Amino acid sequence: METADPLDELLTCRLDVGRHQVEPCSIVIFGASGDLTARKLIPALYHLHASKQLPDPVRIIGFARRPKPNDAWREELKSGVETFSRTKRVDPKVWAGFAANLVYCQGEFGDPDAYARLAKLIAGFGHEPLRRNLLFYLATAPAQFAEVAGHLSSARLLRRDEPGAGWQRLVVEKPFGTDLASAQQLNSELTRFAHEKQIYRIDHYLGKETVQNILMFRFSNAIFERLWNREAVDHVQLTVSERLGVGTRGAFYEGAGALRDMVQNHLLQVMALVAMEPPVSLEAEAVRDEKVKLLKSIRRWDPSQVPAAVVRGQYLEGEVDGQPRVAYRQESRVSPGSNMETFVAAKFLVDNWRWSGVPFYLRTGKNLPLSASEVRVQFRPTPNVLFAAQCGPKLDANAITLRLPPNEGITLRFNGKIPGTSMQIRPVRMHFSYDAEFGAYTPEAYERLLLEAIEGDATLFIRRDEVEVAWSIVDPIRSAWANQPLGASEFYAAGTWGPQAVDGLLSARGHAWRNPQPTA
Ligand SMILES: NC(=O)c1ccc[n+]([C@@H]2O[C@H](COP(=O)([O-])OP(=O)(O)OC[C@H]3O[C@@H](n4cnc5c(N)ncnc54)[C@H](OP(=O)(O)O)[C@@H]3O)[C@@H](O)[C@H]2O)c1
């Protein structure tokens with residue numbers, strides 16, 4: 001691999017010098033014995049501790065129903081880090097330092113006495129900022145968010161609009177509502193107890209390195225941004241594919257489906273970053289204002305327009321990578337007659353100056369041939385003279401692909417002459433790979449998000465209006481499907497790229513899906 005030019009090192013620009021300080025604080029995790037805590041939150045906090053990025057001092061309090069001594073909880077978490085963390089390895093010395101900050105608090109979410117015990121525990125911390133700076137992480141079912149926030153407020157642990165020393169913040173997990181009405185209701189319940197500025201709605205996609213890189217790529221490179229509009233771009237394809245089926249999450253998935261689980265949040269968030277106007281600054285509100293503006297300018301499909309603009313699908317049995325897969329309806333805790341979609345492909349139009357007439361095709365699904373997340377910006381073809389006149393559709397149009405984890409990088413596709421005496425032309429690719437350039441280390445999304453919540457930087461979290469406008473885009477699609485059983489053409493074999501109708505969505509305008517490619 002080529003080594004970096006020393007000048008490149010000199011040109012590295014640090015944007016985080018003016019970052020908020022990490023002040024000592026107490027982090028309370030509600031749902032402390034759950035899957036999310038073991039799989040994501042504690043591994044992320046452990047790595048932040050190991051890299052000395054957590055505040056010092058800090059306390060991490062686990063709140064859940066089952067009684068257990070501190071030591072038992074710590075052991076549980078340690079084996080979680082060994083199983084799920086990105087390094088898997090736990091350094092005993094580092095763990096000992098980390099574990100000393102972990103305290104378990106047993107309680108029922110609905111029991112006021114449990115919050116009194118929590119308040120007493122926090123009041124007993126010797127260092128004052130540990131008592132006044134409080135991050136409450138709600139790793140609970142969404143139906144429990146408001147209940148927990150209400151009790152925290154009654155126990156005076158969470159204070160809304162009370163100026164004074166210290167801060168309190170609520171981090172809430174997805175799903176945030178199941179439709180616009182439920183999201184609005186949840187927002188009004190939460191904002192009774194906490195100011196909007198105190199609420200951090202997580203979409204872990206936004207913590208991924210390359211998602212943030214979309215902003216840097218667009219707004220720090222003059223050559224691309226001036227092509228980023230309807231004059232140069234023909235259409236955009238956004239694919240988030242998963243090789244796995246629903247596995248053990250059948251019960252959850254039966255109440256969600258691909259539209260709610262993926263499109264309403266992750267895919268629309270990525271689309272907003274790809275298509276939004278440049279914000280006036282990198283401040284959280286400036287970035288979020290632009291995302292909201294973009295989401296608002298996505299044309300809403302009337303339920304009667306949905307069949308022509310959105311394709312849903314459900315997987316049948318098949319094979320992925322030579323491994324047999326059962327049909328969705330045969331998965332555990334899934335109804336044998338379920339009409340839940342495991343695949344969605346949608347065409348969206350953006351009614352603003354920059355993107356007028358440029359289709360954005362979004363698709364996501366389970367049991368697809370490979371796991372990939374990528375945005376392909378497909379440019380317009382050259383005028384129909386010279387090579388285009390001779391080659392016709394064989395002359396590929398240029399494209400830039402922004403690949404998100406698990407295979408981060410950027411690929412520019414253009415045409416080149418095949419060397420030799422004959423005149424042959426074919427597409428070639430220019431690859432930029434994060435791993436090759438910077439090494440394999442990329443922090444987990446939750447590391448970044450937890451740190452930003454501790455710092456009080458809300459840029460990567462979803463604002464109230466953002467979550468609501470995203471629901472207003474997907475709700476009409478849901479209602480078009482309500483009470484409509486899946487038709488035979490809406491099923492796809494596991495291991496394929498979705499039902500056949502998905503091609504028609506693009507071919508109507510002379511476009512074709514470009515499937516993500518496996519990379520070495
Ligand atoms: N798991 C993931 O990877 C993931 C990813 C994205 C989002 N999420 C979201 O994160 C949230 C949590 O998911 P999860 O998978 O961690 O759930 P989970 O494994 O079912 O854990 C639920 C936790 O909540 C506690 N709990 C439930 N009811 C309680 C009550 N009445 N009083 C006190 N504690 C109670 C449980 O404590 P006991 O064990 O003591 O009963 C347990 O610690 C959900 O909203 C989910 O949608 C999860």
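The values are calculated or read from the model by the stated rules, or taken from the named source; none is laboratory data. The model shown is predicted, which means the values in this text are computed figures rather than measured ones. Glycine also receives a Cβ, built like all others from the backbone with ideal geometry; neighbour counts cover every protein chain displayed.
Descriptive notes on the structure:
- Only a single criterion out of (1) farther than 21 Å from I454 by Cβ; (2) within 14 Å of the ligand (Cβ to nearest atom); (3) surrounded by 15 or more Cβ atoms within 10 Å (Cβ to Cβ) is not satisfied by T37, namely (1).
- Any hit, the stretch 321-335, residues being of a type in the set (D, E), surrounded by fewer than 16 Cβ atoms within 10 Å (Cβ to Cβ) and under 23 Å from P518 (Cβ atoms): yes
- Positions within the stretch 424-465 being in a strand (DSSP E or B), surrounded by 15 or more Cβ atoms within 10 Å (Cβ to Cβ) and hydrophobic (A, V, I, L, M, F, W, C), in sequence order: I425, I462
- In the stretch 161-172, the residues that are in contact with a Phe, Trp or Tyr (Cβ under 8 Å, 6 or more places away or on another chain) and either within 16 Å of the ligand (Cβ to nearest atom) or modelled with pLDDT under 90 (or both): L170, V171, V172
- Selection from the stretch 410-426 of residues that are under 27 Å from E242 (Cβ atoms) and in contact with an Asp or Glu (Cβ under 8 Å, 6 or more places away or on another chain): R413
- The residue pairs whose first member lies in the stretch 40-68 and is within 20 Å of E444 (Cα to Cα), whose second member is in a loop (DSSP other than H, G, I, E, B) and within 13 Å of the ligand (Cβ to nearest atom), and whose beta carbons are closer than 6 Å, counting only pairs six or more residues apart or on different chains, are A44/E444.
- Test: residue in the stretch 80-103 that is in contact with a Cys (Cβ under 8 Å, 6 or more places away or on another chain), under 29 Å from G177 (Cα atoms) and surrounded by fewer than 20 Cβ atoms within 10 Å (Cβ to Cβ): no
- Residue list for the stretch 84-139, filter: within 14 Å of the ligand (Cβ to nearest atom), in a helix (DSSP H, G or I) and out of contact with any Lys or Arg (no Cβ under 6 Å at 6 or more places or on another chain): P112, D113, A114, Y115, R117, L118
Each row is one residue, and each column tells you yes or no for (1) under 22 Å from H195 (Cβ atoms); (2) loosely packed, with under 15 Cβ neighbours inside 10 Å.
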position	(1), (2)
P112	no, yes
L118	yes, no
G124	no, yes
L134	yes, no
T140	yes, no
A146	yes, no
A149	yes, no
S154	yes, yes
D161	yes, yes
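- When restricted to residues that are touching a helix residue (DSSP H, G or I) at 6+ places or on another chain (Cβ under 6 Å) and assigned to a loop (DSSP other than H, G, I, E, B), the stretch 140-159 contains 3.
Conditions tested, residue by residue: (1) of a type in the set (A, V, I, L, M, F, W, C); (2) over 26 Å from A251 (Cβ atoms); (3) assigned to a loop (DSSP other than H, G, I, E, B).
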position: G313; (1), (2), (3): no, no, no
position: R333; (1), (2), (3): no, no, yes
position: N339; (1), (2), (3): no, no, yes
position: A345; (1), (2), (3): yes, no, no
position: L349; (1), (2), (3): yes, yes, no
position: W355; (1), (2), (3): yes, yes, yes
position: Y361; (1), (2), (3): no, yes, no
position: E374; (1), (2), (3): no, yes, no
position: V377; (1), (2), (3): yes, yes, no
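- Any hit, the stretch 16-27, residues being in a loop (DSSP other than H, G, I, E, B), within 12 Å of the ligand (Cβ to nearest atom), surrounded by 13 or more Cβ atoms within 10 Å (Cβ to Cβ) and at pLDDT below 95: no
- Checklist (1) more than 16 Å from the ligand (Cβ to nearest atom); (2) under 30 Å from E254 (Cβ atoms) applied to F176, failing item: (1)
- Criterion violated by E254 - all others in (1) more than 27 Å from E341 (Cβ to Cβ); (2) within 16 Å of the ligand (Cβ to nearest atom); (3) of a type in the set (D, E, K, R) satisfied: (1)
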